[in-house]
Amino acid sequence: MYRFNLTETFPAPGRAVLERSMVDFRDYEKFMPNVSRIQVLSRDTKADGREHITIQVYADAKIPAIARSFMGNDDLNWKESYVVDHGKLTADWQVETPVFTEYVDCKGTSWVEDYSGGSRLNITGTMTIDHKGWTGLGGGIARKVVEVIEPFIGRMVTRNLQTFFRSIKQEIEKENRACGK
């Protein structure tokens, strides 16, 4: 299991941070290392006011050799689904992989809170790959694949998120300086 636990502070109100980080995917890829393209697949606001968003993320990353033969190619892409509650400044999220979908469980919650003249974004979640149901592989080989691929993906996602949030923070700081704040 890989655990996600990230925090970043911003010199901006929570609503602005939520909008930039989990709702508006315009120019998203320019802030994310390894991400080449984002495609918004759906966006729908339900009767309760929560917004449901699904995106497809395309990444450029060298998949470890031990996992490449099981994944079919070097293309790395996935779907991300968000349920955003703008009133509570929260987003529940889930990631769906194109291969071994039924064996990968990756989900969590993000929330924004007031913090020291601005706001703080928190992300928590887990990614678990269950190799026990894989057929055609011995348990030892399947376990080794998971031991390589789980931290590879987890570290890549963590690095992308850290860079993304720092970039957003720098952009907000630049905007604040331009407005004399």
Checklist entry - Only one of GLY140, GLY72 is on the phi > 0 side of the Ramachandran plot and at pLDDT below 90; which? => result GLY72
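Considering each of ASP85, ASP105, ASP92, ASP130 in turn, give the residue that is free of Cβ contacts under 8 Å to residues at least 60 places away in the same chain, under 20 Å from ILE38 (Cα atoms) and surrounded by fewer than 18 Cβ atoms within 10 Å (Cβ to Cβ). Steps first, answer last, please.
Details: ASP85 fails: under 20 Å from ILE38 (Cα atoms); ASP105 fails: under 20 Å from ILE38 (Cα atoms); ASP130 fails: under 20 Å from ILE38 (Cα atoms).
The match here is ASP92.
Is one or more of the residues making up the range 25-34 at pLDDT below 95, touching an Asp or Glu at 6+ places or on another chain (Cβ under 6 Å) and either open to solvent by 70 Å² or more (accessible area, probe 1.4 Å) or within 26 Å of ILE172 (Cβ to Cβ) (or both)?
Here is the first cut: in the range 25-34, the residues at pLDDT below 95 are 25-34.
Imposing the further condition that a residue be touching an Asp or Glu at 6+ places or on another chain (Cβ under 6 Å) reduces the set to 34.
Now restrict to residues that are either open to solvent by 70 Å² or more (accessible area, probe 1.4 Å) or within 26 Å of ILE172 (Cβ to Cβ) (or both): 34.
Yes.
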Item to check | In the range 9-36, the residues that are within 16 Å of MET156 (Cβ to Cβ) and either among the β-branched types (Val, Ile, Thr) or without any contact (Cβ under 8 Å) to a residue 60 or more places away in the chain (or both) | outcome: GLU29, VAL35, SER36
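The values are calculated or read from the model by the stated rules, or taken from the named source; none is laboratory data. All values derive from a computational prediction rather than experimental measurement. We place every Cβ from the backbone using ideal geometry, glycine too, and count neighbours over all the protein chains shown. In case anyone asks, the SASA skips ligands and DNA or RNA and just uses the protein heavy atoms, side chains included. Shrake-Rupley method; radii C 1.70, N 1.55, O 1.52, S 1.80 Å.
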